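Novice: Quick one: structure below, then a few questions.
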Amino acid sequence: MRLPELDPVHLTPEQQVIWDRIASGPRGGVRGPYFALLQSPGLCEEFERLGRYLRYDCAVPHHLRELSVLVVARRWKAQRLPFESRPTDGRPPRPRGRL
């Protein structure tokens with residue numbers, strides 16, 4: 001059974017705070033696992049903070065973080081992630097087929 005996508009109009013105040021933070025952050029919107037995670041606002045908040053730190057704020061250089069995302073996606077045969085990966089530092093995306 002799939003959970004339905006949440007409608008921002010029907011969120012609890014606790015869910016709305018987290019939704020707004022995710023939507024206005026570097027991810028640019030609420031999607032993926034956040035629809036399920038918002039069913040448990042406390043868990044969603046911690047998951048979002050960890051994800052934000054690992055993707056955007058940790059001490060590992062940006063290019064190595066991006067490379068690790070692509071390596072893991074390749075290892076697990078992810079169908080979408082390598083093609084959705086975009087630089088988060090304001091640079092334009094690299095041509096397809098190049099890291």
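The values are calculated or read from the model by the stated rules, or taken from the named source; none is laboratory data. The structure presented is a predicted model; accordingly, all values stated were derived computationally and were not measured. All Cβ positions, even for glycine, are placed from backbone atoms using ideal geometry, and neighbour counts span all protein chains on display.
Novice: Look through segment 49-59, keep the residues that are loosely packed, with under 11 Cβ neighbours inside 10 Å and aliphatic (A, V, I, L, M), and return whichever of them is nearest to the chain's Cα centre (by Cα).
Specialist: Result: LEU50.
Novice: Separate question: Are there any pairs, at least 6 apart or on different chains, whose C-beta atoms fall under 6 Å, with the first in segment 1-26 and under 20 Å from ASP57 (Cα atoms) and surrounded by fewer than 15 Cβ atoms within 10 Å (Cβ to Cβ) and the second modelled with pLDDT of 90 or more and not hydrophobic (A, V, I, L, M, F, W, C), and if so, which?
Specialist: none
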